[in-house]
1. Hey, Ile113 hits all of (1) under 26 Å from Tyr145 (Cβ atoms); (2) touching a Ser or Thr at 6+ places or on another chain (Cβ under 6 Å) but one; which does it fall short on?
2. How about the range 270-284: which of its residues are more than 22 Å from Leu123 (Cβ to Cβ) and either more than 16 Å from the ligand (Cβ to nearest atom) or in contact (Cβ under 8 Å) with a residue 60 or more places away in the chain (or both)?
3. Could you identify the single residue in Ile47, Ile113, Ile71, Ile103 that is modelled with pLDDT of 95 or more and more than 30 Å from Ala193 (Cα to Cα)?
4. Of all residues in the range 265-290, count the ones that are surrounded by 21 or more Cβ atoms within 10 Å (Cβ to Cβ) and of a type in the set (S, T, N, Q).
5. Of the residues Leu267, Leu225, Leu297, Leu288, only one is within 15 Å of the ligand (Cβ to nearest atom) and in the same structural domain as Thr338 (by TED's automatic domain parsing); which?
6. How do the strands (runs of 3 or more DSSP E) wholly within the range 59-165 filter down when requiring 2 or more residues that are more than 23 Å from the chain's Cα centre (by Cα) and surrounded by 16 or more Cβ atoms within 10 Å (Cβ to Cβ): which remain?
7. Would you confirm, using the coordinates I've provided, whether Asp35 is modelled with pLDDT of 95 or more, in contact with a strand residue (DSSP E or B) (Cβ under 9 Å, 6 or more places away or on another chain) and among the acidic types (Asp, Glu)?
8. Kindly indicate the residue of the range 314-337 that is closer than 18 Å to Val377 by Cα and not in a loop (DSSP other than H, G, I, E, B) and also farthest from the ligand (Cβ to nearest atom) among those meeting that condition.
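The values are calculated or read from the model by the stated rules, or taken from the named source; none is laboratory data. Because the structure is predicted, anything quoted here is derived from the model rather than measured. As a convention, Cβ positions derive from the backbone with ideal geometry for all residues, glycine included, and neighbour counts pool all protein chains shown.
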Amino acid sequence: MSDPGITATRRAVLAAGASLTAAGAFAGRAAAQGDAELARVAGARRILLKGGVVLTLDRAVGDFARADVLIENGRIGAVRPDIAAGDAAVVDAANRIVMPGFIDSHHHFYQGILRNILSNGLLNPDYSRDISGALTVPYRPADVYAGTLVSALGMIDMGTTAAVDTSQVNHTPEHSDAGVRALQDSGLRVVYAYSRGAGPAAQYPQDLIRLQKAYFSSQDQLMTLALGGNLNVDQYTFARKHGVRMVAHGVRDETEKVLFELARLKLLGAGDEYIHCTHLSDAAWRLLKDTGSEVSLAVPIEMAMGHGMPPIQEAIDHGIRPSLSSDVGVTMAQDPFTVMRACFTLQRLNLLQRARRGEKSLPPLLTTREVLEFATVDGARCLGLAGKVGTLTPGKEADIVMLATDRLNVWPLNNVPGAVVNLMNPMNVDTVFIAGKVKKWRGGLVGVDVARVLKLVEEARDGVIARAGFKTSLFA
Ligand SMILES: [Zn+2]
């Protein structure tokens, strides 16, 4: 049915996954490493994070200078001071900010093997020519696997617990399978926005139907499916027919007329995601608001690569709380601190410049807490997961990060949202849980053979660059 070359690649991909991330074998591995505490936590049904600074980001639950968070069967059981441990595995959370994991609402995971290859590039012509064109076309399924895996593991390492993969490398069904498999192996919570690919074997968007049956039949799993695309009537019609949300790129002033056409055809759905949204008209913003749409702003990339002014204030002015995203690793870091800091500083710069020019009755400056909400609560809503994650609310799934404050770059702790948004970086990400499973423990990823992942990534990078005939330079 499929050609033997592809089948062999697929088998290699699956075998690689099985040994790179030892899912389910964490407890044994931890014991072998001599970390008895990790072994106890990895195997526990109840885990008690004891004595942390707890930032729930749920206004009804509140914040605590010192409290405990109980994880029960993968969910948040309780948040309050002095919870009795009972049979729970106790984790000392002293000098740790305990908060929801960060959420990245738009990233092209497959590009992990091409990190930083376009450090000084613009969207046009550089990115379109070198990345979407030259370097994406020669990807094989194993390259998709390697790039996607390293992006996902890197995110977990940096405190991101959920993300949207706007894939864009779906050249064949095997490419899509490899991406999904890498995401599954990583243990990250992901909305897989199945997207276009290059070449005659691409089956976009029809292959979504197969993917839906093969991987996404359960609601009770870490991964959900969406359709990645553009403002396009056929794509929206397809998404509505198959009951998936749209994740739309290329949303800007030049394309917004299609948005109105989609509205006229009643194809816009609540929860669809719109990326960038640069220079939209008032009417387009009102339409996004009225239809319950979600907005993803990739602030550092938009500033560096020429997408236009990130519309942080426009979104807020129209009653839309934006989510934040890292977009592409070919140019910029994925770490949530970089993304949050860019958002915080840019919104303030824009307003302060308006004040300097004499404008009166300006909207308020963003606070660090609001930016944290963009990166958690608003991200969860953008992913369609507001009921599952985004806050430390009892009953939600336990996607939790513990951020170390007793470090030379943060101590002494004087303001919690400020420390996270304005002072921290990934080295403060101490421990990470996704759905109550420990993924990072005291500074190191759990159950990941990092050396083997790096080797796999390097080999994939070398292969893609060679097949593309692409010239790279370490120093230019
Ligand atoms: Zn993008």
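1. With respect to (1) under 26 Å from Tyr145 (Cβ atoms); (2) touching a Ser or Thr at 6+ places or on another chain (Cβ under 6 Å), Ile113 is out only on (2).
2. Initial filter on the range 270-284 (more than 22 Å from Leu123 (Cβ to Cβ)): 270-272, 282-283.
Of everything in the range 270-284, those that are more than 22 Å from Leu123 (Cβ to Cβ) and either more than 16 Å from the ligand (Cβ to nearest atom) or in contact (Cβ under 8 Å) with a residue 60 or more places away in the chain (or both) turn out to be Ala270, Gly271, Asp282, Ala283.
3. On the way: Ile113 fails: more than 30 Å from Ala193 (Cα to Cα); Ile71 fails: more than 30 Å from Ala193 (Cα to Cα); Ile103 fails: more than 30 Å from Ala193 (Cα to Cα).
Just one listed residue meets the conditions, Ile47.
4. So the answer is 0.
5. Values: Leu267 fails: within 15 Å of the ligand (Cβ to nearest atom); Leu225 fails: within 15 Å of the ligand (Cβ to nearest atom); Leu288 fails: within 15 Å of the ligand (Cβ to nearest atom).
Only one candidate passes the filter, namely Leu297.
6. Numbers: elements: 63-72, 75-80, 89-92, 96-100, 102-107.
Where strands (runs of 3 or more DSSP E) fall fully within the range 59-165 and carry at least 2 residues being more than 23 Å from the chain's Cα centre (by Cα) and surrounded by 16 or more Cβ atoms within 10 Å (Cβ to Cβ), they are 63-72, 75-80, 89-92.
7. When the stated conditions are applied, Asp35 does not pass them.
8. Here the answer is Ile316.
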